[in-house]
Amino acid sequence: MADVTFTVDGKKLTAPAGTLLIEACRKAGIEIPAFCYYPGLSLQAACRMCVVRQEKVPKLQTACTTTVAEGQVFVTESPEIAQARKATLQLLLGNHPLDCPVCDAGGECELQDMTFKYGAGESLYAEAKQHRDEQQWSPAVFFDRPRCILCYRCVRMCGEGMDVWALGVQNRGVSSVIAPNGEDHLDCEECGMCIDVCPVGALTSGSYRYKTRPWEMNHVSTICTHCGDGCKVTLGVRQSHEGTDLVRGDNRDKSGINGDFLCAKGRFGFDFVNSEERLARPLVRNASGRLEPTTWENALRVAAAKLKEVRDSRGGDSIAVLGSNRTTNEENYLLQKLARTVLRTNNIDHVRTADYATFARSLAGQEHKAASLRDAGNAPAILLVGGNPTEEHPLLAWQLRSNVRLNKARLYVVNHRTIKLERQAKAVQGVPPNGYRDLTALLDRNEGDLAKAVMAEESLLLIFGQEYRGEQMEALVSWGLKRGNVRFAYLGDHSNSRGAADMGVLPDLLPGYVSVNAPGAFAEEYAGMPAAPGKTAPEFLEMAQSGQLGALVVVGENPAQRLGWAPDALRKTFLVVQDLFLTETALQADVVFPAASLYEKTGTITNTFGDVQLAKKAADRPGVRPDFEILVRLADAMGADVKALVPFGKRGMRADFGQSRGAQSGEADRHAVWLASHGLEPKLSPFDPLAVLDEIERLVPAYKLDRLNLFAGNDVPTEPAFVPVSALTQPRADLVNPAHDGLFTSGTLGRYSAYLREIEEHQAHQLAETAAD
Amino acid sequence: MTPRESETMSIFSPALAARFDALVEKYPVKRSALIPMMLYAQDEIGYLSDAVIAEIADRLGLTELDVRNVASYYSMLRFKPAGRFNIQVCTNISCMLRGAYDLFDRFQEELGVGHKGITPDGVFSLEEVECIGACCWAPAIQVNYDFHDELAADSVPGILQQYRERAAANGGR
Amino acid sequence: MPRLVSHPDEVKIVTRRFGQGAANIEKYLELGGYEAAKKCLTQGPDWIINEMKASNLRGRGGAGFPTGLKWSFVPKQSAKPKYVLVNGDESEPGTCKDHLIFLHDPHAVIEGTIIAGLAIGAKMGFIYLRGEYRYLLEIMEKAVADAYSKGFLGKGIFGSDTEFEVVTQTGAGAYEVGEESALMESLEGKRGVPRIKPPFPAVVGLYGGPTVINNAETIATVPHVIAMGGAAYAAVGSERNGGTRLFGLSGHVERPGVYELPMGYNLKKMIYEVGGGVRGGRKLKAVVPGGSSTPVLLPEEIENLGMDFDQVGKAGSMLGSGGVVVIDDQTCIVEFALRTISFYQHESCGWCIPCREGTDWLKKSLTRFHAGFGEAKDIDNIRYLAENMMGRTFCPLGDAAAMPTLGFVKKFRKEFEDHLNGKPCPFAKHVELAVV
Ligand SMILES: Cc1cc2nc3c(=O)[nH]c(=O)nc-3n(C[C@H](O)[C@H](O)[C@H](O)COP(=O)(O)O)c2cc1C
Ligand code: SF4
Ligand code: FES
């Protein structure tokens, strides 16, 4: 809409006609208090805190419902307005318990803040306040009725925002009360969004309540370690005798890719970090065959010696490396580099949750075709094929719902089963489980409501699930490319599955999906790596069983569980495991290194949309080390040139490898040159993962990152278009093994979250009850 | 539940179920039938039991929470049984000025129950209510839906007798 | 059965058919019924609206908005269907006039609804009755069924090719549902919480379509306006206040009842002549002129007060719903205020803070006060509370609670003071209220 000019407190402001006054003011730095108004949720005008005076209008107006028009004049602060707000606060405080000293929201309470501002300190009322016991509605949600000021944010967030509709308002007048759908309990997705939007301490979280005071915590913004969406999460960290405790997960600054949103896993599933079962010391299998705690020096020595021995006696081919879907890009990059340059093997793989290699191959050379997760919140038309975002990509589901609700976006759903997002869809097309193959033909024939509507769209965001792999995906992408004005996104599990693939934790592909036997920046610098593609994860098992696998290094993965490897399959293999817990796989290991979780280290991770974000170290845990550091120390103990592995120190790495003549001569240190040209300082520690990030940017084509934004805590997109087409080989679609983790599960990690387990039990109980009815 | 199933499994009498089937067709939007349905269901069953709420929610495609949210707003709807004859005494201003409190006190005395009380035999319940739209014929009461107006405390025994006889004629309860 | 009254000063227009069995459609027709609707069918919307404007008929629901003007706000073209909604929620204490209309002249409501529909181009009308009016709903339902069988409602009404449907609806106990936007919510099967305005119902109303909402008395008056002609109707009343009004005289009058008197009729006369004076020859203490939400008037304020919207407004109160509640000198005003506020506390929908919390605190303070536990500062606190509710709430219910309170405290401060310092109520009235 056209811009209009109006006056607020004597200042001329401009905003599109029809903008809500409260929003226009906030953008101009004029804060108008409000309880019930919440951006993106339906308007209520119920709390009456936002009252302002509009010229020529007899009554005070609510800024949350007033839309701006040309020439209007407003006053937002005056004695009259302050009095109105003060009186409203006095009314609220008349019944509100003054238990701020023990209330979870104390210090983070909008009612406190406003009382402070408008000075409604004295009580007008002689009547006793009504006390009511707190209720537990679910493992996640507690409700303290007297504290509730009935702003209805929770009701709207649950219904409009989450499409769960588990909260309502019952009774009327002063008896009005927020009520859960199970009468005395909640039956919902446990996302905790209601707690998040509650302006006071009426809704509190089971995981945080009565644990600490907000000002006793440090608040660190990092990235969630669970699903492939990569929400920004703020962790509340408190010092403790153990180093630090993570006491809270929330989404305070709302600045992330996830805006307002966080799901149950992001909000509550951080507690695995504090688990009693965390490994705190390295373990080495002793002479009697039992795992025994030891020192880092000893564990490193044992592991390094054996790995070196296997490599030198049986060749790098007899060693294999299994990487992780949750470690950082820097760690993944370092891991493959260690495998290829130190262990001298291409036998490196991870448990692939999606066929990212084919995705990269399909989009290679096609600029601006890869979608960011943000696009899901803005695109005018979205075609969602396969997948089940509500369960497996909660943030994506949120973005799609919000986009449909707030921007009138059109969502089209094609799926082989009924998914919840159909409720937002403009058209739905069912297909048989193996029927995705025919989708492009169906669209091209322009038959049926969905096809007709989709074909009529000017642009399309095409999001597809793990149902798509290999040729089928290539066919779908090439259909989209032909059609034009289509962007693509591919849905895989886990917080850094995409990063693992991007970083070349694959037997046949180097970082950036460059074939191991094709020339490229990485291969050029690290000449002498094995040129033949290595073995895949399932082949590791075969090698182990036939005695060909001398050693296996597993980082942050649990193949015994995830790939169903038999407990004794690795008997003849020297097994090194880096993990947080003594998993089924770690139990088989010869050496176990206690690793830090994502919340205890810094590095970048890439969500399934290819958005890169910076995870920041929030907590400390005695005894554990980041996988990055473990790998560096292991290499060092093996006698490798650490400086070649991690370009740290005043000079990075030497890249000319003896070339002393011709055009290249004198270009002694490409890394140093690159750093200088990018205005970056050399990193001084071998344990600084950002040194490797520098190298990733330099050598991985898709990772030309906007650093300023990245370090400011924003998500920055990668560009698969920069992957050289010529270098690509046919990926192995058959190895894809999706995890399909739901709202409360998160692989092995999730099993160590007491909180997620509790929620799961609650859900199972709920289900059993409904079934019994 | 499919519609057919819900029909056969209805907890309402066939006549009421048929009435509901017709009611939902009357409005541009089905949900408009909600409040009448709840009131008529209460007339038949006595109160909004969990089963009533479940069936109404099902018939209108609403969640039970939604039905409860609406039901709990309206003061005539209740979630617990009342007496067979619910005596509602208006004590609002016009009635108050003409002796409604004396009337209410007399009902309390005669019945031995107070506001929202039910007599042990379940025949009567008593309620003090807001204005019932009979101000010019005050004081007035409603027994279920029947109005009785221009009353005095002395009218109480006669009114109670009248309903006791009706209760007896209908087999005790 | 509510007693019918009459008085020589009455001008019987709307009540013309009362007591004559006009609920029977044959009788209604015999008494000239449905002629106005037929006339409107031939004359068309603009003519109807002009007649309505000329009539100076102002809404009988309380606010007194000119009916013709309201109808003219409905856009001619609309993508969504338009509706007529008759407000028969009648719940304002002191008001029982619509009760009699539904009882004695249900077809007038139907006929008025048809005419309103013709005026705005609606094909459907709803008649919403409060839940307590079950027997009246049954009368209305029968009348609607009869009108259908006569062909006055349905596909081609009165043999024309115009369609008009009427649906009756029951509430289930909620005063706030009388507020027009809450009424629409209720009719849509929701909690009776009002809507944000704008948009106004005439533009976005029921089911999102343009909607005219009128009080049942307003609608029942419409056929008479058409039959008499707008100008003739206007001439009956006072300036800018056309016609007659159904005044409900209640409380301490000798002959309470619903009387149809011309707009502008003197209030004192109404009490002393029409109503037969204060009951038992007592002295008049105060009058609530237009339903419980209107500020009380003192005897000296009603001397020359003509009962129309403008004059009562000027006197510092409101004509409201026309429910005149007479209070004699043996009445405790604090108790009266408490009972009034208890009602608004009970009926507040709870949506907005000033009304939800304000009515509750007013009730609590007044209860304590009336029980003799008040302190001097409470009087000012009560006033402070009411002043801070005025004009600050989401819908006018907050004002409806605050206005009379302010009136009581301002005009009867002395009586409040007499309750202070542990003194029992000077009138030895009830101190407890069971309604919560
Ligand atoms: C709290 C509240 C209660 C109301 N109750 C009624 C009512 O019971 N009946 C009625 O006709 N109007 C009632 N009104 C007025 C309606 O909002 C509306 O103005 C009226 O129905 C319009 O009809 P009219 O123009 O014919 O008066 C109420 C208004 C408020 C604010
Ligand atoms: S689990 Fe996924 S959606 Fe939930 S907070 Fe973590 S990244 Fe976000
Ligand atoms: S924010 Fe405007 S009324 Fe609450």
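For the stretch C:366-383, what are the residues that are touching a Leu at 6+ places or on another chain (Cβ under 7 Å) and either buried (at least 24 other Cβ atoms within 10 Å of the Cβ) or not charged (D, E, K, R) (or both)?
Of everything in the stretch C:366-383, those that are touching a Leu at 6+ places or on another chain (Cβ under 7 Å) and either buried (at least 24 other Cβ atoms within 10 Å of the Cβ) or not charged (D, E, K, R) (or both) turn out to be C:366, C:367, C:370, C:374, C:376, C:381, C:382.
Please state which of the following conditions residue C:317 fails to meet, knowing it meets all the rest: (1) farther than 17 Å from residue B:96 by Cβ; (2) touching a Leu at 6+ places or on another chain (Cβ under 7 Å); (3) assigned to a helix (DSSP H, G or I).
Condition (3) is where residue C:317 drops out.
So how many residues does the stretch A:139-170 have that are touching a strand residue (DSSP E or B) at 6+ places or on another chain (Cβ under 8 Å) and either among the small types (Gly, Ala, Ser) or away from chain B (no Cβ under 14 Å) (or both)? Don't jump to the end; show me each part of the working.
Filtering the stretch A:139-170 for residues touching a strand residue (DSSP E or B) at 6+ places or on another chain (Cβ under 8 Å) gives A:140-145, A:148, A:150, A:152, A:154-155, A:158-159, A:166-170.
This time we only want the ones that are either among the small types (Gly, Ala, Ser) or away from chain B (no Cβ under 14 Å) (or both), so: A:140-145, A:148, A:159, A:166, A:168.
Residues in the stretch A:139-170 being touching a strand residue (DSSP E or B) at 6+ places or on another chain (Cβ under 8 Å) and either among the small types (Gly, Ala, Ser) or away from chain B (no Cβ under 14 Å) (or both): 10 in total.
Which of the strands (runs of 3 or more DSSP E) contained wholly in the stretch A:453-561 include at least 2 residues that are more than 24 Å from residue A:415 (Cβ to Cβ) and touching a helix residue (DSSP H, G or I) at 6+ places or on another chain (Cβ under 9 Å)?
In the stretch A:453-561, A:551-555 are the strands (runs of 3 or more DSSP E) which contain 2 or more residues that are more than 24 Å from residue A:415 (Cβ to Cβ) and touching a helix residue (DSSP H, G or I) at 6+ places or on another chain (Cβ under 9 Å).
Just a yes or no: is a residue in the stretch A:259-277 more than 14 Å from chain B (Cβ to nearest Cβ), modelled with pLDDT of 95 or more and away from ligand 2 (no atom under 16 Å from the Cβ)?
Yes, the stretch A:259-277 contains at least one residue that is more than 14 Å from chain B (Cβ to nearest Cβ), modelled with pLDDT of 95 or more and away from ligand 2 (no atom under 16 Å from the Cβ).
Considering the stretch C:206-235 alone, what residues qualify as being surrounded by 19 or more Cβ atoms within 10 Å (Cβ to Cβ) and either farther than 16 Å from residue C:110 by Cβ or outside the structural domain of residue C:167 (by TED's automatic domain parsing) (or both)? Outline the logic, then answer.
The first filter runs over the stretch C:206-235 and keeps only residues surrounded by 19 or more Cβ atoms within 10 Å (Cβ to Cβ), leaving C:206, C:209-226, C:230, C:233-234.
Answer for the stretch C:206-235, where residues must be surrounded by 19 or more Cβ atoms within 10 Å (Cβ to Cβ) and either farther than 16 Å from residue C:110 by Cβ or outside the structural domain of residue C:167 (by TED's automatic domain parsing) (or both): C:206, C:209, C:210, C:211, C:213, C:230, C:233, C:234.
Any idea which residue in the stretch A:53-71 is farthest from residue C:194 (Cα to Cα), counting only those that are buried (at least 20 other Cβ atoms within 10 Å of the Cβ) and more than 12 Å from every other protein chain (Cβ to nearest Cβ)?
Result: A:68.
Assuming residue B:144 fulfils every condition listed in (1) out of contact with any Phe, Trp or Tyr (no Cβ under 8 Å at 6 or more places or on another chain); (2) of a type in the set (S, T, N, Q); (3) within 14 Å of residue C:133 (Cβ to Cβ); (4) surrounded by fewer than 16 Cβ atoms within 10 Å (Cβ to Cβ) apart from one, which condition is it?
(1)
Test residue A:213 against the criterion of being without any contact (Cβ under 8 Å) to a residue 40 or more places away in the chain and either more than 10 Å from ligand 2 (Cβ to nearest atom) or within 14 Å of chain C (Cβ to nearest Cβ) (or both), and give yes or no.
Numbers: without any contact (Cβ under 8 Å) to a residue 40 or more places away in the chain: no; either more than 10 Å from ligand 2 (Cβ to nearest atom) or within 14 Å of chain C (Cβ to nearest Cβ) (or both): yes.
The answer is no for residue A:213.
Those residues that are out of contact with any Ser or Thr (no Cβ under 8 Å at 6 or more places or on another chain), outside any helix (DSSP H, G or I) and more than 12 Å from residue C:84 (Cβ to Cβ), I need them from the stretch C:106-132; list them, please.
Matches in the stretch C:106-132: C:132 only.
If I ask for residues that are of a type outside the set (A, V, I, L, M, F, W, C) and either surrounded by fewer than 19 Cβ atoms within 10 Å (Cβ to Cβ) or not assigned by TED's automatic domain parsing to the domain that holds residue C:270 (or both), which ones from the stretch C:286-300 would you list?
Correct list: C:299, C:300.
Which one of the conditions (1) more than 7 Å from chain A (Cβ to nearest Cβ); (2) among the acidic types (Asp, Glu); (3) buried (at least 22 other Cβ atoms within 10 Å of the Cβ) does residue C:387 fail to meet, given that it meets all the rest?
Here residue C:387 meets the rest and fails (3).
Quick check on the stretch C:337-354: of everything there that is more than 14 Å from chain A (Cβ to nearest Cβ) and in contact with a Pro (Cβ under 9 Å, 6 or more places away or on another chain), which residue is nearest to residue C:90 (Cα to Cα)? Outline the logic, then answer.
Here is the first cut: in the stretch C:337-354, the residues more than 14 Å from chain A (Cβ to nearest Cβ) are C:337-340.
Filter once more, so that each one left must be in contact with a Pro (Cβ under 9 Å, 6 or more places away or on another chain): C:337, C:339-340.
Details: C:337: 21, C:339: 18, C:340: 16 Å.
So the residue we want is C:340.
Checking residue C:193 against (1) within 16 Å of ligand 3 (Cβ to nearest atom); (2) farther than 19 Å from residue C:349 by Cβ; (3) not aromatic (Phe, Trp, Tyr), which test does it fail?
(2)
Taking residue C:104 and the conditions (1) under 19 Å from the mean Cα position of the chain (by Cα); (2) surrounded by 24 or more Cβ atoms within 10 Å (Cβ to Cβ), which numbered condition does it fall short on, given that it satisfies the others?
(2)
Condition check ((1) more than 22 Å from residue B:91 (Cα to Cα); (2) free of Cβ contacts under 8 Å to residues at least 24 places away in the same chain; (3) within 13 Å of chain B (Cβ to nearest Cβ)) across all residues:
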| site | (1), (2), (3) |
| --- | --- |
| C:235 | yes, yes, no |
| C:249 | no, no, yes |
| C:257 | no, no, yes |
| C:261 | yes, no, no |
| C:268 | yes, no, no |
| C:273 | yes, no, no |
| C:279 | no, no, yes |
| C:288 | no, no, yes |
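Report whether or not residue C:119 is buried (at least 19 other Cβ atoms within 10 Å of the Cβ) and of a type in the set (A, V, I, L, M).
Working: buried (at least 19 other Cβ atoms within 10 Å of the Cβ): yes; of a type in the set (A, V, I, L, M): yes.
Considered against the rule, which asks whether it is buried (at least 19 other Cβ atoms within 10 Å of the Cβ) and of a type in the set (A, V, I, L, M), residue C:119 comes out as yes.
Do you know which residues across the stretch C:396-426 are modelled with pLDDT of 95 or more, under 12 Å from residue C:332 (Cβ atoms) and in a loop (DSSP other than H, G, I, E, B)?
C:412 - this is the single residue of the stretch C:396-426 that is modelled with pLDDT of 95 or more, under 12 Å from residue C:332 (Cβ atoms) and in a loop (DSSP other than H, G, I, E, B).
Sort through A:230, A:206 and tell me the only one that's buried (at least 24 other Cβ atoms within 10 Å of the Cβ), in contact (Cβ under 8 Å) with a residue 40 or more places away in the chain, more than 16 Å from ligand 1 (Cβ to nearest atom) and among the small types (Gly, Ala, Ser).
Of the residues listed, the single one that is buried (at least 24 other Cβ atoms within 10 Å of the Cβ), in contact (Cβ under 8 Å) with a residue 40 or more places away in the chain, more than 16 Å from ligand 1 (Cβ to nearest atom) and among the small types (Gly, Ala, Ser) is A:230.
Name the helices (runs of 4 or more DSSP H) wholly inside the stretch A:1-118 in which the number of residues that are in contact (Cβ under 8 Å) with a residue 60 or more places away in the chain and away from ligand 1 (no atom under 16 Å from the Cβ) is 3 or more. Step through it out loud before you land on a result.
Numbers: elements: A:21-27, A:79-95, A:110-118.
Once the helices (runs of 4 or more DSSP H) in the stretch A:1-118 are filtered for at least 3 residues that are in contact (Cβ under 8 Å) with a residue 60 or more places away in the chain and away from ligand 1 (no atom under 16 Å from the Cβ), what remains is A:110-118.
The values are calculated or read from the model by the stated rules, or taken from the named source; none is laboratory data. What you see is a predicted model; the values in this text were computed from it and never measured. When we count neighbours, we look across all protein chains shown, and the Cβ atoms used for this are built from the backbone with ideal geometry, even at glycine.
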